[in-house]
Amino acid sequence: MRFRGARRMVGAQGGWSERLARLLECEAKRLLVAAGIPTPQGRVAASADEAQTIAGELGGAVAVKAQIRIGKRGKAGAIKFAEDAAGAADAAGAMLGSSVYGHRVSQVLVERKLEILAEYYLGVFSNPATRTPTLIFSRNGGVDVEEQAARGKDGFATLDVDLAEPFRLYMALEFLRLAGVGGPALAPLAQMSVRLFELYRRNDCTIAEINPVAMTQRGPVAADARIDIDDDALFRHPELGIAAGQAVGDRPPTRLEAIAALIDDGDHR
């Protein structure tokens with residue numbers, strides 16, 4: 001295994017094939033929950049009334065998040081916070097039916113708002129430069145993680161993982177120490193790293209990232225998530241309910257791409 005510090009980040013996130021199926025945040029979080037990774041309590045709503053009902057059941061402040069297959073939603077106003085159920089209804093009503101980066105919003109995720117003490121980044125992606133999965137951690141979570149790495153910002157580390165051997169807890173602990181993590185946050189973040197890597201491996205992902213990892217009084221929580229599945233591996237995952245070619249990168253497939261995916265799906269190569 002090869003460890004790296006904060007001087008460079010290999011394999012920018014556009015470096016792999018476009019042949020992938022990107023999950024919605026709500027779909028990604030279902031996989032996280034199944035892997036034992038905590039996420040905020042919440043549900044999906046397709047109307048303002050549904051959003052109001054969910055927020056009322058959760059009680060208190062909530063986050064209302066447009067469910068589209070693209071990042072940086074916060075910068076586009078597609079993530080809003082509401083102090084009560086009525087505010088959640090207003091936020092959902094403003095988002096539903098709107099277009100964000102060319103994507104129509106047909107549903108929103110209504111979640112309990114987290115009390116966040118710190119934000120981190122944790123991800124694993126298929127690295128074409130090393131031909132291995134590469135684990136990434138940054139003590140500076142949120143947007144623009146790649147730019148942080150390019151500037152050599154402290155608190156950043158990567159690890160190339162050999163798929164021929166298990167990724168164990170002691171490896172995660174050593175990896176996180178390289179990024180400067182210590183104290184009571186170290187053990188739960190290491191456990192989250194092991195579970196995220198196993199999720200990546202088990203589901204044939206090209207990327208599985210949690211951004212941000214929200215550190216709360218109860219420990220780390222996956223506040224947001226992105227998971228892309230290798231399109232060629234979808235036949236192994238009927239439980240996901242994704243047809244080959246259903247999603248290409250961050251946009252729906254064209255008609256010809258969908259036809260090509262069906263042809264490719266029947267090719268044993």
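Taken together, the values in this text are just the output of simple stated rules run on the coordinates, not laboratory data. Fair warning: this is a prediction, and the values are worked out from it, not measured in the lab. Don't worry about glycine lacking a Cβ; one is built from the backbone with ideal geometry, like all the others, and counts go over all protein chains shown.
What to note about this one:
- Just so you know, the Cα atoms of the range 156-206 work out to an Rg and Dmax of 11.1, 33 Å.
- Pairwise label distance in nanometres, R202 with R30, each label 7 Å out on the Cα-Cβ vector: 1.5
- In this calculation the C-beta distance from L186 to Y101 is compared with R0 = 35 Å, giving a FRET efficiency of 0.45.
- Using θ = phi - 60° in the Karplus curve 6.51 cos²θ - 1.76 cosθ + 1.60, the 3J(HN,Hα) couplings for the range 23-28 round to 7, 5, 4, 5, 5, 4 Hz; x is entered for Gly and Pro.
- With a Förster radius of 22 Å applied to the C-beta separation of E239 and A76, the computed FRET efficiency comes to 0.10.
- In this label model, I116 and S47 are separated by 3.2 nm, measuring between points 7 Å along each Cα→Cβ vector.
- As an equivalent ellipsoid, the range 34-124 spans semi-axes of 20, 18, 12 angstrom, where each value is the square root of five times an eigenvalue of the C-alpha gyration tensor, largest first.
- By the rule of a C-alpha distance below 19 Å, with chain neighbours fewer than 8 residues away ignored, the lysines paired with K113 are K29, K65, K72, K75, K80.
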